[in-house]
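See structure below.
The values are calculated or read from the model by the stated rules, or taken from the named source; none is laboratory data. These numbers were taken from a predicted model, which means no experiment stands behind them. Counting neighbours? That spans all protein chains shown, and the Cβs are built from the backbone with ideal geometry, glycine included. When the accessible area is computed, the model is the full protein with side chains, heavy atoms only, and any ligands, DNA or RNA have been set aside. Shrake-Rupley method; radii C 1.70, N 1.55, O 1.52, S 1.80 Å.
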Amino acid sequence: MRLLPVVVTVLLTVSVAYYVYIPLPDSIQEPWKLMMLDAGFRTTMHLAHWSDRLGFNHYIATIRQSTEGFESILGSEPDGGVAPGVKVSDITFAGIPVRLYEPPAGGEGHLRRGLMFFHGGGWALGTGKKGSYDKINRMVSDELNAVVVSVEYRLYPEVQFPVPYLDCLTAAKHFLSEEVLSRYAIDPERVAVSGDSAGGNLAAAVSQEIAMDDTLSVKFSVQALIYPVLQALDFNTPSYLQNEHIPILYRSIMIRFWLQYLGVDLSLFPHFTTNNHSSLQHTHITPELRARLDWTVLLSPKYKNNYKPVIVEKGSQGAVKEVPGLLDVRSSPLLAGPEVLAKCPRAYVLTCEHDVLRDDGMMYVRRLQDAGVTVTNHHYVDGFHGCFSFINWPLDFNVGRRVNRDYIDWLKNNL
């Protein structure tokens, strides 16, 4: 009988190790920390889906409660710690909730930088008011002497495309107005827009719209995109396939985020994984549009590896007509024409090797450069999706700290 506790302990240990362990590329540092993080996310996802199936709560609501509660524990302290001199206010810009960060007042007549930030989370999760987003925006405001505006755009399932985009665009136009810039002593020649993941998508789309709007006297001078998601027509790019099972953004999760955002029935998930939704029979997807995300041309050879394009002759019927957002540049900025990209501000695009969205960012870098836009691409061979946010103990990663330092330094030197 004395052996029973030992046997039970060994079995439990083996079971936990089996659940936590996933194979990771050798170039990822601190692999066990990432495995533990991923195990926590997977557990949250499983519990949320079961809660949804049993009718207790929408699974997104459960995930929000778990992740936001955890982030609030790990977040920066409002009074002390990170940038204690920064003033933080929760206000609205043209009816859109925002969190405003103001650095300590400078000398009389000194203008400050401005930055608008859109958080990530698959257009369904996240908030700029807690955790690492709050900490990073405090740091940016303090170090750059910048007025930072973090936008609390509405999320799925309460809304779908184009509402999050329109929220961000409304807040951006308000921010760029002469009245607001003057109120906060912001230099109109030094205003940036930034965001990560889904927030990078919104930042790119808003930047394009602002650049093309001739009614605006002030435009963004810089766009800083952190592993942005930029297109929904090809879920079989090399990075989508290479990183299909790499935490924390699995290929299946990113596709599901897209379906939710665009209002697509989730039963069509298999069609999207196999690119049936963008088959050649869809005449609305013209050869010109396809060329704008043709990774066989836009990616350098080292990122193509030995992958082959997945092109379907005949796929699901009517997908493009039923989901017009698939071809809308407001949801898929990578589809914008060269005449639009040429007017965009100079760009910073952060990409990670172990990220399904790597190729979206890489293709956008190439297309912006081809359109004559100056682009800085910081690519992290040890980076993974989400690392920008992992700077708080105990989920602080070395690559996360480097990514943040490089992002802030680039803004300091280019804004």
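Odds and ends about this structure:
- Residues in segment 181-207 that are open to solvent by less than 10 Å² (accessible area, probe 1.4 Å), under 19 Å from residue 374 (Cβ atoms) and not aliphatic (A, V, I, L, M): 194, 200, 207.
- Screening 400, 325, 372, 361 for residues that are at positive phi and not hydrophobic (A, V, I, L, M, F, W, C) leaves exactly one candidate, 372.
- Flag if residue 348 is in a strand (DSSP E or B), touching a strand residue (DSSP E or B) at 6+ places or on another chain (Cβ under 7 Å) and touching a residue at least 40 places away in the same chain (Cβ under 8 Å): yes
- A count restricted to segment 156-174 and to residues that are open to solvent by less than 60 Å² (accessible area, probe 1.4 Å) and touching a helix residue (DSSP H, G or I) at 6+ places or on another chain (Cβ under 7 Å) stands at 9.
- Filter pass, residue 110 being at pLDDT below 95 and out of contact with any Lys or Arg (no Cβ under 7 Å at 6 or more places or on another chain): yes
- Residues in segment 326-343 that are open to solvent by less than 10 Å² (accessible area, probe 1.4 Å) and under 27 Å from residue 216 (Cβ atoms): 331, 332, 333, 334, 335, 336, 337, 341.
- Count of segment 364-398 residues which are in a loop (DSSP other than H, G, I, E, B), in contact with a Leu (Cβ under 7 Å, 6 or more places away or on another chain) and closer than 25 Å to residue 332 by Cα: 4
- Filtering segment 367-398 to residues that are within 22 Å of residue 144 (Cα to Cα), open to solvent by 10 Å² or more (accessible area, probe 1.4 Å) and in contact (Cβ under 8 Å) with a residue 60 or more places away in the chain leaves 389, 390, 391, 392.
- Residue within segment 20-32 that is assigned to a helix (DSSP H, G or I), open to solvent by less than 70 Å² (accessible area, probe 1.4 Å) and modelled with pLDDT of 90 or more present: yes
- Test: residue in segment 298-306 that is small (Gly, Ala, Ser), on the phi > 0 side of the Ramachandran plot and open to solvent by less than 60 Å² (accessible area, probe 1.4 Å): no
- When the residues of segment 225-276 are filtered to those that are crowded, with 20+ Cβ neighbours inside 10 Å and hydroxyl-bearing (Ser, Thr, Tyr), the one that is farthest from residue 299 (Cα to Cα) is 261.
- Take the conditions (1) at pLDDT 95 or above; (2) β-branched (Val, Ile, Thr); (3) within 19 Å of residue 404 (Cβ to Cβ); residue 91 misses just one of them, which is (3).
- So residue 248, is it closer than 22 Å to residue 330 by Cβ and in contact with a Gly (Cβ under 6 Å, 6 or more places away or on another chain): no
- Residue 36 falls short on exactly one of the conditions (1) of a type in the set (A, V, I, L, M); (2) at pLDDT 90 or above; (3) under 21 Å from residue 120 (Cα atoms), and that condition is (3).
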